[in-house]
Amino acid sequence: MASKRLKSGELYLPVEFSTSNGLKLGEIILRYDNRRSRKVQLVKHGEKTFKLARGFKDFCVENGLKEGNVYKFEIVEDQKDNPPVMHVSLYEDLARGKKNYPYFISEVKSFVVEKMLYLPKKFARKNGLFNKEEMILKNVRNEGSWTVELKSSKNNKYCYIGRGWKEFYVANGLKDGDLFKFELVDNGEKPTANFRFQSIILKGSIDR
């Protein structure tokens, strides 16, 4: 779950997930790890997209859902004449780490990052990345590594990863909506960053 979705109090559901499960306008019951349940309004956004709206923000607050975590959403009950029940559980805590390396967490937007990845200005400036030319990206899952180009604008208004990023993006199967953690573990002449990413997990009904 991306952080801005938590802050906005809404969660957009993938079209494929909504369609395959026959979701309809109305109420849906969210249950977090068999704790408190809450009825949330399922509303439509556009022609095909559904989102969890009124009640979702309260659900997040009551159950301590927070930014930096990835959650699994699974429909466990979908009976006629009753609101469907969706179970929510913690899938991975991206913010957790063995050491206090500098990091940032963001969300993949394919229309922006297929060719380059912009780094937060404050993060890049604080860690001296504006003056570097290359860095190493490591996928912590498969221990693969890629050397990529670091570039910045002439007036140092922004810093981004250019050449090599697209190969990294494709090789690791990144897609729109994935949440990722960029952790700077070595800030030498050629910096090294661990790249951990996770998709929002949604599964279909098992009780029809």
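Separation of the range 10-31 and the range 132-175, taken as the distance between their Cα centroids, equals 35 angstrom. Among the listed pairs Lys57/Lys115; Lys132/Lys181; Lys48/Lys109; Lys24/Lys72; Lys66/Lys151; Lys24/Lys80, those whose Cα-Cα separation exceeds 22 Å are Lys57/Lys115; Lys66/Lys151.
For Asn187 and Glu74, what does the FRET efficiency come to when R0 = 45 Å and r is the distance between their Cβ atoms, rounded to the nearest 0.05?
Details: r = 40 Å, r/R0 = 0.88.
The computed FRET efficiency comes out at 0.70.
Between Lys151 and Asp58, the modelled label-to-label distance comes to 5.0 nm, taking each label 7 Å out from Cα in the direction of the beta carbon. Note on Lys44 and Ser89: their simple-model spin labels are 3.3 nm apart, each label 7 Å out from Cα toward Cβ. Say a paramagnetic label sat at a point 7 Å from the Cα of Lys109, along Cα to Cβ; which residues of the range 156-182 have their backbone N under 12 Å from it? Residues passing the 12 Å test: 177.
Taking R0 as 30 Å, what's the FRET efficiency between Asn131 and Asn100 from their Cβ-Cβ distance, rounded to 0.05? The partial results should precede the final answer.
Details: r = 23 Å, r/R0 = 0.78.
According to the calculation, E is roughly 0.80.
Of all aspartates and glutamates in the structure, those lying under 20 Å Cα to Cα from Lys157, and not within fewer than 8 positions of it along the same chain, are Glu133, Glu134, Glu149.
Approximating the spin labels as points 7 Å out from Cα along Cα→Cβ, the Arg163-to-Glu16 distance works out to 3.4 nm.
FYI, it's all coordinate maths here, none of it is from the lab. It should be emphasised that the depicted structure is a prediction, and the values quoted were computed from it without experimental measurement. Reconstructed Cβ throughout: ideal geometry from the backbone, glycine too, with neighbour counts over all protein chains shown.
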